[in-house]
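What follows is a short report on a single structure.
The values are calculated or read from the model by the stated rules, or taken from the named source; none is laboratory data. Here the structure is a predicted model, which is why all the values come from computation and not from measurement. Glycine also receives a Cβ, built like all others from the backbone with ideal geometry; neighbour counts cover every protein chain displayed. Keep in mind that these areas ignore ligands, DNA and RNA; they rest on the heavy atoms of the full protein, side chains included. Shrake-Rupley method; radii C 1.70, N 1.55, O 1.52, S 1.80 Å.
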Amino acid sequence: MKAVKFFVSFKIRDKELLQQKAYKEARRRFGLSSTLTQTARDKAVELVKLNDGREFHVHQVSIRVNYRAFKLVKRDTKLTPYWLYLQLDGDGVWYPVQFGEKQKETIENAISEDGEWSTQQVELVKGDGEWYAYSRKTVR
């Protein structure tokens, strides 16, 4: 959140220009990985474009990660058969995932032979104290 607010303060609508002006300082200031710093930069550019010059405040942001930082796998465990692996900073962490019936059917149809699901990015959003992951199915 702090990194997004930092990037937004430049009021720049172009990712490359914002990268040149603020990326190194953001990495130094917030100690985030390259992936998270780029995610904050991209989110800031989206917000600046969305608000089109109007004054706004950042109250909540989602975390968007690309295929290099996560994977969704199916494993036969007592807790849940679905697990999300995230590697945002340093070592990765496995999180149990629950789906509604419609989402479960979509995932089952998309999961590969080796038990992994392929997609390009996932967006993590926190609401009412719970984290939600949004993604689009990718077909190879």
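Scanning the range 60-108 for residues that are in contact with a Leu (Cβ under 6 Å, 6 or more places away or on another chain) and of a type in the set (Phe, Trp, Tyr) yields Phe70, Tyr95. Can we say Gly31 is at positive phi, open to solvent by 40 Å² or more (accessible area, probe 1.4 Å) and at pLDDT below 90? When the stated conditions are applied, Gly31 does not pass them.
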